[in-house]
Structure formats: C-alpha cells, structure tokens
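Q: Have a look at this one.
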Amino acid sequence: MEAIYELMVSARAAVGAAAQWCAVALLVGMAVLETATRNALADQIDTLVNTGAGTATAVLETSGDAEVATFDLQNPAFGAAAAGVITLQGVPLEDTNATGGTVEHMSIYDRDGTKILEAVAGTSGTEVIMTSLTVAATETVTLTSLTITVPVGS
C-alpha cells in the first residue's frame, strides 16, 4: 500500500556566521532585516546545503536521529531567494522504499553529510506537516514542498 505524506517546512532558523550574528541582534531587539539582507541570508543557507561532493538530502528522522525516509536534493537545492524565502527545487521528491519509523523531525544535510538545519515534525502547527508521523517500512513517502524563511525580525 502506498501512502503519500505531504510535507512543508518553514524553518525560521538561520545558519552561518552572518546569520548567527543577526539572530543575536534579533533576540535583543536590535535589528529589523531588510529584504536584501534576508535574501542574502536565505541564499547562504542554499550555498551551505550545496557544499561538498556528494548529494544533499532532506531526511525524516526519529527522535534518536534514525532515518525514516530520505530525499535526494538537486544541486542547487533551492531557487534564488525572494522576500527572504527559498523554495526547494524539483518537487515532488519521493523515497519509494522508506526505512520506516515514527518521525520526530526533518533534517537537511549538505553534500558532505553535515547537518545544516533541523525542523520539528507533526500533523499540525509544526514546521514539518505530515498526514501521519508513522511511516511503514518500504512505504513510498512524497515530499511535496519545502520552503525556508529568514524572518524580518522584531
């Protein structure tokens, strides 16, 4: 039996040295990021994902970081940022032979296998929305969309 899980990620975490500085500034209420800055930070996340020699992946994982389902990402993985948002290219993506398990989060790994970000999964009100958090072994899982947003700030 084939099950299709619809996923959407709206990660609000930024990565990289510049993004870390901006996150600190936002926490203390010092900065509102202009669109050009948000776009540059979002594009930097894509650059990080595309770093390395292998294939970047989005992986549904258990609370213990065990793989449940894996999606190979294109290079580049995301399109150019607009309004601080990058959108995954090449969707829908499928894992036609999922490992199976109970999903707790989705991680995005760069082409060298380094974790770039992690987003909480649930059936509603979370960064990754799934129709069910339980995936059976050998099931087909479909990633229908994924966006990453760099917030404006306070």
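The values are calculated or read from the model by the stated rules, or taken from the named source; none is laboratory data. Remember, predicted model here, so these are calculated numbers, not experimental data. In this analysis, Cβ positions are derived from the backbone assuming ideal geometry, glycine residues included, and neighbour counts consider all displayed protein chains.
Q: Scanning for something more than 22 Å from V141 (Cα to Cα), buried (at least 16 other Cβ atoms within 10 Å of the Cβ) and β-branched (V, I, T), does the range 58-74 turn up at least one residue?
A: Within the range 58-74, not a single residue is more than 22 Å from V141 (Cα to Cα), buried (at least 16 other Cβ atoms within 10 Å of the Cβ) and β-branched (V, I, T).
Q: State whether one or more residues within the range 22-43 are within 28 Å of A137 (Cβ to Cβ) and at pLDDT 95 or above.
A: no
Q: Out of E118, E94, report the one residue that is modelled with pLDDT of 90 or more, in contact with a strand residue (DSSP E or B) (Cβ under 8 Å, 6 or more places away or on another chain), of a type in the set (D, E, K, R) and farther than 26 Å from A36 by Cα.
A: E94
Q: Now a separate question. Taking the residues in the range 134-154 that are hydrophobic (A, V, I, L, M, F, W, C) and closer than 22 Å to D72 by Cβ as candidates, determine which candidate is surrounded by the most Cβ atoms within 10 Å (Cβ to Cβ).
A: I148
Q: Criterion first (over 19 Å from T149 (Cβ atoms) and over 14 Å from the mean Cα position of the chain (by Cα)) does G101 satisfy it?
A: yes
Q: From (1) in contact with a Phe, Trp or Tyr (Cβ under 9 Å, 6 or more places away or on another chain); (2) within 15 Å of V68 (Cβ to Cβ), pick out the condition that doesn't hold for K115.
A: All conditions are met except number (2).
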